[in-house]
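Please treat every number below as a calculation from the coordinates, not as lab data. Remember, it's a predicted structure, so these values are computed and weren't measured experimentally. When we count neighbours, we look across all protein chains shown, and the Cβ atoms used for this are built from the backbone with ideal geometry, even at glycine.
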Amino acid sequence: MRAIPGMKVFQPCDAAETKAIIKGIAEIDGPCYVRLGRGGVEDVFDENYKFEMGKGVVLKKGSKVALIATGMMVQEALKASEELSKEGIEPTVVNIHTIKPIDEELIVELAKSHDVLITCEEHNVVGGLGSAVAEVAVKQAPVKMAMVGVQDTFGESGTPKALCEKYGLDAAAIVKKVKEVL
């Protein structure tokens, strides 16, 4: 969907953000695409959440590693952050709800202040969040990057939990990727 000219692409991480995005896009001229997952997720935000198109949300400030996540992977990035904290690694965790237009200012800031950016998405890393972040970083602030997501393969049918395990779309995969990159 990112490749379609003028298309705006959103992926909320929970029910409150979904509600806010749907209300927000009702005011937007032009085409919008909202990508929703099948499985239930824990709440990240409450009813007071304010959506701002194209602006990422820093959920936790850390150093060295920035976990840039979208959709249900926001919860997994937060869980991974808790696990990594036990080992003395304190990553920044960011929710990117707007894939297009992406928050270039925040990505550049993260690229300049962190040693590595790791994107986390339950989508193909080709053409999704990982590609969008890489496009910004390579032009404005080159940085070491890694991508946790579907690795350019066809999907299968199954329960959300089984598919997330099969494709490495969970906190354990994020922790593993952080350790590999560091």
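Data overview
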| item | result |
| --- | --- |
| Antiparallel content of DSSP bridges confined to segment 53-181, in %, to 5 | 15 percent |
| Segment 88-100 - phi-based ³J(HN,Hα) in whole Hz, Karplus 6.51/-1.76/1.60, Gly and Pro as x | x, 9, 10, x, 7, 10, 10, 9, 10, 8, 10, 7, 8 |
| Net charge, Ala137 excluded, C-beta distance under 15 Å - Lys, Arg +1, Asp, Glu -1 | -3 |
| Coil-residue trypsin sites (Lys or Arg not before Pro) of segment 48-121, DSSP, other Cβ within 10 Å capped at 16 | Lys50, Lys55, Lys61, Lys86 |
| Set of aspartates and glutamates near Lys8 by C-alpha distance (under 14 Å), chain-local residues within fewer than 8 positions excluded | Glu27, Asp29, Glu52, Asp103 |
| 24 Å Cα-Cα threshold exceeded, pairs from Lys19/Lys86; Lys61/Lys179; Lys86/Lys139 | Lys19/Lys86; Lys86/Lys139 |
